[in-house]
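**Student:** Here it is: the structure, laid out below.
The values are calculated or read from the model by the stated rules, or taken from the named source; none is laboratory data. The model shown is predicted, which means the values in this text are computed figures rather than measured ones. Because the Cβ atoms are built from the backbone with ideal geometry, glycine has one as well, and the counts that use them run over all protein chains shown. Ligands, DNA and RNA are excluded from the accessible area calculation, which covers all protein heavy atoms including side chains. Shrake-Rupley method; radii C 1.70, N 1.55, O 1.52, S 1.80 Å.
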Amino acid sequence: FGKKAISAHSMSREYRVLTGLNGVYKSIPTMIFYTDDESLLGSEFYLMEKVEGVLIKKDFPRIWNFDDAKRYKFCQVIFDKLIELHLLDYSAAGLQKFGNPEGYAERQILGWNRRYLASLTGDVPDFKDVRAWLEAHIPDETGPKSLVHGDFRIDNVMVDKDDPFNVLAVLDWEMAALGDPLMDLANSLAYWFQNDDPNELRAMKNQPSDANGMMRRDEILEYYSNKTGFETKHWDFYEVYGYFRLAVISQQLYYRFVNKQTRDPRFAKYGEGAANLGRHCQNLINRSSL
């Protein structure tokens, strides 16, 4: 209930990017139809083919009998799809006008800071220091530009139930854009909680990133850097950005719960989660060499 962030639920954006990627990027569903005629269903919508597969939530299916080596390989397979996307020639997909990659980092930082302030509740800190630090450390525009997914996580990657190393479909593209690929990676790693992370962060875990044999964040970063050739020496900025973006998303959902714009009881503790993420950003900043 209430006003929704249009860009976070854009069916036309998702339809456009997936239509462009057809035949260029492996592992996407085929688009069939889109309309913004709300008289049909009460909302814009698109239709895509049905893909039969498995989305991993909190645990791996026991039938796969994964050992540590297989879990490590699974991580590589998943992040290979993000790497493939970031190395893609988006002009070949007809997506060179999908957005303006110049100024992407600044738009992201200012936009998420603005959305955080708009969703503040009295029981959650404003983290003015974190927002100011991010604005002061926005990277220059000399880095690589890629098609970015916007919400790349394990549970948005569908795999074959009989061959979990075969990715059938990457889903949930409504926040896709042209921009800084390292910000896309940072978004993904903000969800990647490990066994030695603080308990208050691990409480937010929604994927088996801490299972035995899974790659750690520093291993993923090295793997990504080696395969893309992208420079990651200013990763401190991207790491703080990824966690603060997740804090903003959590706070937005908590704001909706507080203001009775949703009945979902899961969101009752999201304010606490946003505060924990914000404090984690403060700790990362204190340790940063930037």
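**Student:** Given 20 °C and 1.002 mPa s, how large is the Stokes-Einstein diffusion coefficient of region 188-243 in µm²/s, with Rh as the Kirkwood radius over Cα pairs?
**Tutor:** Here the translational diffusion coefficient equals 175 µm²/s.
**Student:** Pick out which of 31, 48, 175 has the largest mean-square fluctuation in a Gaussian network model of the chain, springs linking Cα atoms closer than 10 Å.
**Tutor:** Evaluated over the chain, the most mobile residue of the options is 48.
**Student:** Shifting gears a bit: Can you give the translational diffusion coefficient of region 1-104 in µm²/s, computed by Stokes-Einstein from the Kirkwood radius over Cα pairs at 10 °C and 1.306 mPa s?
**Tutor:** Diffusion coefficient, whole number: 94 µm²/s.
**Student:** Given region 201-288, report the % of alpha carbon pairs whose separation exceeds 23 Å.
**Tutor:** Across region 201-288, Cα pairs with separations above 23 Å total 38 percent.
**Student:** If you don't mind, another one. Using only the Cα atoms, what convex hull volume per residue in Å³ does the chain have?
**Tutor:** So the per-residue Cα hull volume is 142 Å³.
**Student:** Hey, how much of the P(r) for region 14-73 falls beyond 13 Å, as a percent of Cα pairs?
**Tutor:** Every Cα pair in region 14-73 considered, those over 13 Å come to 73 percent.
**Student:** Set the Förster distance to 30 Å, then compute FRET efficiency between residue 266 and residue 289 from the Cβ-Cβ distance, nearest 0.05.
**Tutor:** Efficiency computed from Cβ-Cβ geometry: 0.20.
**Student:** Could you work out which residue, out of 26, 227, 81, moves most in a Gaussian network model of the chain, that is, has the largest mean-square fluctuation with Cα springs under 10 Å?
**Tutor:** Maximum fluctuation in the GNM of the chain, among the listed residues, is at 227.
**Student:** Moving on to the next point. Could you state the accessible area per residue of the chain in Å², with a 1.4 Å probe and every protein chain left in place?
**Tutor:** 50
**Student:** Would you work out what percent of the accessible area of the chain, with all protein chains in place, is carbon or sulfur (probe 1.4 Å)?
**Tutor:** 49
**Student:** Among 155, 123, 172, which one shows the highest mean-square fluctuation when the chain is modelled as a Gaussian network with alpha-carbon springs under 10 Å?
**Tutor:** Of 155, 123, 172, the Gaussian network model singles out 123 as fluctuating most.
**Student:** Right, here's the next one. What is the Cα centroid distance between region 260-275 and region 165-203, reported in whole angstrom?
**Tutor:** 21
**Student:** What length, rounded to one decimal in nm, is gained on full extension from residue 36 through to residue 196, with 0.36 nm per residue of separation minus their alpha-carbon distance?
**Tutor:** The residue 36-residue 196 span can extend by a further 52.9 nm.
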